[in-house]
Amino acid sequence: MASVALTDRSVKGWKPDPTKRVEVPDSLVTGLYLVVTERGAKSWAVRYRFAGKPRKVTLGQYPALPLADARDQARDALLKVAKGADPALEKVVAAEVEREAREAEERARRDRFEHIVADFIEKYAKPRNRSWEETERIFRVYVTPVWQGRPIRSILRRDIRELLEQLVEERGPVMSNRVFAAIRRLFGWCAEREVIETSPAVGIKPIGTENDRDRILTDEEIVKAWAAWNTMGLPFGIISKLLLLTGQRRNEVAEIRWQDVDLERRVWTLPREAAKNDKAHEIPLSPMVMEIMQSIPIFVGQEEAPAPAGKREGQPTAKRTLVFPAQRGGTGAASGFSNAKRQMDKLILTADREAEKKRGGDPEQIQPLENWTLHDLRRTAASGMARLGFQPHVVEKVLNHSTGTISGVAAVYNRHGYLEEKRQALEAWATHVERLLHPAAAENVVRLKR
């Protein structure tokens, strides 16, 4: 095709040939072509000879690259040819450099600590560990804020030790060791996947020294804690009461579902997939627990399904209706136990100081309740049932322990559910707690047989 004095109007109005691609040479800048495809797409190209061979370099698409700019770029390309350079080769090299830079940036992004943790939770923790949410929380609260943005390869043994030592000082040895266990699994997983060559956690020993806890709440402390729980209400005040009265684990109580509660039989069935030892577990509900359960409102907005047995009046049907759903628009079960525990301690301390002030003493001399955890409520319940005279194997059945007084061959052949024995133990324990809270009514309470 003969060269044409291209204009903005002619370029815009140039019609495609539906049978072939057309290249229209520009008469003003020799070597510049308007390329028009069969479908009407338009672009700019420069043709030239380099080292005796014809060459071509694409400049860009029209109208993103207008005529005037295309001519300027064409002149620059032809000037490079005159100086002995090959614009097409330069463009290929530049594109390769840009591609490698993008890939390097993407690798760096994927190798940042927070992204590795997200992959670890999704691909390793979730499929293998029912308590993966706790692992995720450990990283979110204690680890990621410290190492966020860092390449996983940049984290050294020294970094791990410094983090663990800081946690021992700020959170205690138990939490330091829990964090270390999560970190060690993460780096081991990374080494297996060749994200890193070796784990920096290898050879590091736990910083914190743990002692087996034997802390239980005294009767007086139970009364103080109960008063704080009354003030707190839902969800953590009620959850704490159920922890004390049922002796079950924190997550099991926090994640209880209405369809697992038979209010007619007065039994809460913990499904095997929710139990730590992978065994379904029936927990009899004492009258005191029944009263608490009846007081809990049903939270709307949850999926519907057949109603649980023994459904109370006004209780909606639910597929996975959590008794204690997450608050403030969150998903899943209620969380935030650390903040709730701090609130409990503050309420108990405030009440103790007010009582001391009324007695005429110095309230500032009153110290917080001796170090205790929510897990101590489970131990308190177990100790309380034993103190009331119930046999160890019955207490172990209440706690859903896998090992203990009935083990080995006896455990294989003993399939007795101990539902009635568990009911007697839990009702006696609830009666004891009721007496502590309302001593004036103790005369009217009849102690159950064991």
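The values are calculated or read from the model by the stated rules, or taken from the named source; none is laboratory data. Just so we're clear, the structure is a prediction, and the values are computed from it rather than from any experiment. FYI the Cβ positions are ideal-geometry reconstructions off the backbone, even for glycines, and counts take in every protein chain you see. Remember, those area values only see protein heavy atoms, side chains included, never the ligands or the DNA or RNA. Shrake-Rupley method; radii C 1.70, N 1.55, O 1.52, S 1.80 Å.
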Quick one: among L234, L217, L28, which has the greatest mean-square fluctuation in a GNM of the chain with alpha-carbon springs under 10 angstrom? L28
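Work the Kirkwood hydrodynamic radius out for segment 124-246: mean of 1/r over every pair of different alpha-carbon atoms, inverted, in Å. Don't jump to the answer; show the numbers that get you there.
Working: mean 1/r = 0.0586 Å⁻¹.
It is 17.1 Å.
Quick one: order E103, E356 from most to least accessible surface, probe 1.4 Å.
Details: E103 75, E356 40 Å².
From most accessible down to least: E103, E356.
From the P(r) of segment 116-181, could you give the percentage of C-alpha pairs in the tail past 18 Å? Before the final figure, lay out each step's value.
Values: 814 of 2145 pairs.
In whole percent, the long-distance tail amounts to 38.
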What lysines does K56 reach when the alpha-carbon gap must be under 28 Å and sequence neighbours fewer than 8 apart in one chain are set aside? K12, K15, K20, K42, K80, K83, K91
Cα pair count fraction exceeding 19 Å, expressed as % - segment 323-384: 53 percent
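Loop-only trypsin sites (Lys or Arg not before Pro) in segment 322-390, please: DSSP not H, G, I, E or B, and at most 15 other Cβ atoms within 10 Å. Display every interim value, and only then the final one.
Values: sites: R328, K341, R342, K346, R353, K357, K358, R359, R378, R379, R387; in loops: R328, R359.
Those satisfying the criteria are R328, R359.
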May I have the extent of the alpha carbons of segment 56-120 along their three principal axes, as whole Å values ordered from largest to smallest? 54, 30, 14
Using a 10 Å cut-off on Cβ atoms, rank the peptides 364-375, 178-189, 61-72 from the highest mean neighbour count down. 178-189, 61-72, 364-375
Lysines whose Cα lies under 29 Å from that of K126, excluding same-chain neighbours fewer than 8 positions away: K205, K276, K279, K319, K341, K397
Taking the reciprocal of mean 1/r across every pair of different Cα atoms in segment 70-193, the Kirkwood radius in Å is 17.8 Å
Percentage relative contact order, the chain, counting C-alpha pairs under 8 Å, at least six apart: 10 percent
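Can you pull the Kirkwood radius for segment 185-256, inverse mean 1/r over Cα pairs, to one decimal in Å?
Numbers: mean 1/r = 0.0621 Å⁻¹.
Over segment 185-256, the inverse of the mean reciprocal pair distance is 16.1 Å.
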Sorted from largest down, what three extents in whole angstroms do the Cα atoms of segment 1-74 have along their principal axes? 35, 27, 22
Segment 1-134 shape via C-alpha gyration tensor axes, a/c threshold 1.5: prolate
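Of S43, S295, which has the most accessible area with a 1.4 Å probe, and how do the rest follow in descending order? Intermediate results must be reported in sequence, preceding the final value.
Details: S43 20, S295 75 Å².
Descending accessible area places them as S295, S43.
Largest first, how would K224, K83, K123 line up by accessible area (1.4 Å probe)?
On the way: K224 60, K83 160, K123 100 Å².
Descending order: K83, K123, K224.
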Can you give the accessible area of E134, probe radius 1.4 Å, in Å² rounded to 10? 60 Å²
Which value, in nm² and rounded to one decimal, describes the direction-averaged projected area of the C-alpha convex hull of the chain? 39.1 nm²
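Could you pull out the GluC sites (Glu not before Pro) across segment 219-267 that fall in loop regions by DSSP (anything but H, G, I, E, B) with no more than 15 other Cβ atoms inside 10 Å?
Those that pass, being in a loop and sparsely packed, are E264.
Can you say what percent of the DSSP beta bridges in the chain, counting only those with both residues inside, are antiparallel? Round to 5.
Details: 28 of 29 bridges.
Counting only bridges with both partners in the chain, antiparallel ones make up about 95 percent.
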Ranked by how many other beta carbons lie within 10 Å on average, peptides 29-36, 53-60 from highest: 29-36, 53-60
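What do you get for Rg/Rh of segment 156-203 when both radii come from the Cα atoms and Rh is the Kirkwood radius? Write out the running numbers ahead of the final one.
Numbers: Rg = 11.3 Å, Rh = 11.0 Å.
My calculation puts Rg/Rh at 1.03.
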